Amino acid sequence: MLCISVFGNELIEKGKNYYFSGNFEMAKLSFERVLKTTTNDDILLMLGNSYLATGEYKKAIQTFQIGAQRSSKNWVFEFNLGYAYYVIGDYSNSITYFLSAKEKSPNFSKTYWFGGMASLRIIDIDTTINLWEKYLELAPNGEESDNIRKALALLKENGTNAIPEIIASSKDDIESLIGGIENGFDIKQDQKTLEDTSLEDIER
């Protein structure tokens, strides 16, 4: 990695301030300038998330792919790739990345929730049930636990006929998912939180 200049450090701090305050347009511009001289996992993660928040999904995916190739915590970027592909409706790629992230970090509960949603979209009921049951094992009182229990009951009782109702109740479009940033990497939807990953938080 290249040495970070004083100017580079200032840009990083500015980018973080913009990012944490939800000004993703300015955060994106700051991190793009930083990348001309240096990079690290956090910069790539915040830049990718900023692209997601500003609707530049192709750039978000490209940025997360770079992170997945170079980071020792590549499952973090694979999780975000799964989410980015989910947002654009590419559910086959989405579930592929969620399943890969699950294998590398099996205790990160959010992977099972979103992985289940992705597999539901491609009408893979068995995978959805398996992933959501594992979510409940890991987070029995988690933010999605009540919703998942209801969805599982519907799936087990009604099979594929339950899919439209579950999808309609999930409100999983990008506008509702990206409601703001809390603690830098938490994307909130009403009472729900997508833990998009501070690498430091994950290590704690």
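The values are calculated or read from the model by the stated rules, or taken from the named source; none is laboratory data. As the structure is a prediction and not an experimental result, all values here were calculated from the model. Positions of Cβ are backbone-derived with ideal geometry, glycine not excepted, and every protein chain shown enters the neighbour counts.
Observations
- The numbered conditions (1) assigned to a helix (DSSP H, G or I); (2) farther than 29 Å from SER21 by Cβ are all true for ASN80 except (2).
Every residue, every condition in (1) over 14 Å from the mean Cα position of the chain (by Cα); (2) among the polar types (S, T, N, Q); (3) over 23 Å from ILE167 (Cα atoms), yes or no:
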site: ILE66; (1), (2), (3): yes, no, yes
site: SER71; (1), (2), (3): yes, yes, yes
site: TRP75; (1), (2), (3): no, no, yes
site: ASN80; (1), (2), (3): no, yes, no
site: TYR86; (1), (2), (3): no, no, no
site: LYS104; (1), (2), (3): yes, no, yes
site: PHE108; (1), (2), (3): no, no, no
site: PHE114; (1), (2), (3): no, no, no
site: ARG121; (1), (2), (3): yes, no, no
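- Here SER50, SER72 are screened, and the one residue that is polar (S, T, N, Q), in contact with a Lys or Arg (Cβ under 6 Å, 6 or more places away or on another chain) and either buried (at least 22 other Cβ atoms within 10 Å of the Cβ) or in a loop (DSSP other than H, G, I, E, B) (or both) is SER50.
- Any hit, the range 25-37, residues being part of a helix (DSSP H, G or I), basic (Lys, Arg) and crowded, with 19+ Cβ neighbours inside 10 Å: yes
- Complete set of residues in the range 151-173 that are outside any loop (DSSP other than H, G, I, E, B) and either surrounded by 13 or more Cβ atoms within 10 Å (Cβ to Cβ) or of a type in the set (Asp, Glu) (or both): ALA151, LEU152, LEU154, LEU155, GLU157, ALA162, ILE163, GLU165, ILE166, ILE167, SER170
- Within the range 8-29, residues that are free of Cβ contacts under 8 Å to residues at least 24 places away in the same chain and over 9 Å from MET46 (Cα atoms) reach partners that are among the basic types (Lys, Arg) and surrounded by fewer than 17 Cβ atoms within 10 Å (Cβ to Cβ) with beta carbons closer than 8 Å, at six or more positions or on different chains, in the pairs LEU11/ARG33.
- Condition met for PRO140 (over 19 Å from ASN80 (Cβ atoms) and modelled with pLDDT of 90 or more): yes
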